[in-house]
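**Q** Take this structure, written in structure tokens, and hold onto it; I'll ask about it next.
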Amino acid sequence: MTTSAWTPTRSRLADTAMAALAPVCACVLALGGLAVWTVTGNAGTPARIGVTDARLFLPSRGVPETAAFFEITNSGGAQDRLVEVTSSDVTEDISLSDHRMTAGGAAYRRPTESLLIPAGGTLDMSPLSSDVTVPAAAHWETGDLVPFTLRFERAGRVDVLAVVVRPGS
């Protein structure tokens with residue numbers, strides 16, 4: 001019985017490279033997919049949303065709308081977005097807004113489709129950052145509690161009561 005040593009030939013090397021190509025490509029594709037999944041905020045623990053300091057500005061007479069503010073904390077490992085706010089006390093549409101400054105220093109409100117709550121972060125709404133624009137109801141008085149439902153892209157619905165306060169208090 002004769003034993004021959006394996007000798008590398010051009011065709012053997014080409015066959016070996018082709019056999020290794022499929023698993024290597026599959027690994028590269030899987031790692032690329034996981035990287036995209038992580039970068040887009042889908043990796044880690046899910047968003048865990050908490051809402052505190054809910055307040056609604058007492059509307060001024062004759063003004064058709066007012067603003068509500070919430071402190072929204074995300075203790076999870078994935079970002080989330082506030083996408084809708086509703087209230088059983090409000091019959092018209094409620095909208096999300098963020099505030100911008102002009103070059104001349106004047107502030108203005110810009111409607112937006114959603115507000116970002118970063119992973120491990122907080123969205124602290126204020127008259128200087130973002131708010132929920134609410135059609136005014138004449139029956140609201142200081143100290144009233146107004147129910148709101150905040151809907152998040154990932155965390156779902158969160159029900160909260162906002163206290164009616166005078167602006168500036």
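The values are calculated or read from the model by the stated rules, or taken from the named source; none is laboratory data. None of these values were measured; they are calculated from a predicted model. Cβ atoms come from the backbone with ideal geometry, glycine included; neighbour counts cover every protein chain shown. Surface accessibility is based on the protein's heavy atoms, side chains included, excluding ligands, DNA and RNA. Shrake-Rupley method; radii C 1.70, N 1.55, O 1.52, S 1.80 Å.
**Q** Report, in cubic angstrom per residue, the convex hull volume of the C-alpha atoms of segment 29-153.
**A** 131 Å³
**Q** So what is the relative contact order of segment 25-142, in percent, for Cα pairs below 8 Å that sit 6 or more residues apart?
**A** Contact order relative to length: 29 percent.
**Q** For helix 10-39, what angle does its Cα long axis make with the longest principal axis of the chain, in degrees from 0 to 90 and rounded to 10?
**A** On a 0 to 90 degree scale, this one is about 10.
**Q** Have a look at 108, 165, 91 and report the one farthest towards the positive end of the charge dipole of the chain, computed about the Cα centre with Cβ charges (Lys/Arg +1, Asp/Glu -1).
**A** The residue sitting farthest along the positive end of the dipole is 108.
**Q** Which of 63, 136, 50 sits closest to the plus end of the dipole of the chain, meaning its Cα is farthest towards the positive end, when Lys and Arg get +1 and Asp and Glu get -1 on the C-beta?
**A** Farthest towards the positive pole: 50.
**Q** Tell me the mean residue ellipticity at 222 nm calculated for the chain from its helices only (DSSP H runs of n ≥ 4, each -39500 (n - 2.57), averaged over every residue, nearest 500).
**A** -6500 deg cm²/dmol
**Q** Just how large is the dipole of the chain about the Cα centre, in debye to the nearest 20, putting +1 at every Lys and Arg Cβ and -1 at every Asp and Glu Cβ?
**A** Its charge dipole is roughly 780 debye.
**Q** How much accessible area per residue does the chain have, in Å², with a 1.4 Å probe?
**A** That works out to 63 Å² for each residue.
**Q** Tell me the GluC sites (Glu not before Pro) within segment 28-108 that lie in a loop according to DSSP and have at most 13 other beta-carbon atoms within 10 Å.
**A** 92
**Q** Over segment 19-79, what percent of the accessible surface lies on carbon and sulfur atoms, probe 1.4 Å?
**A** Whole-percent figure for carbon plus sulfur exposure: 70.
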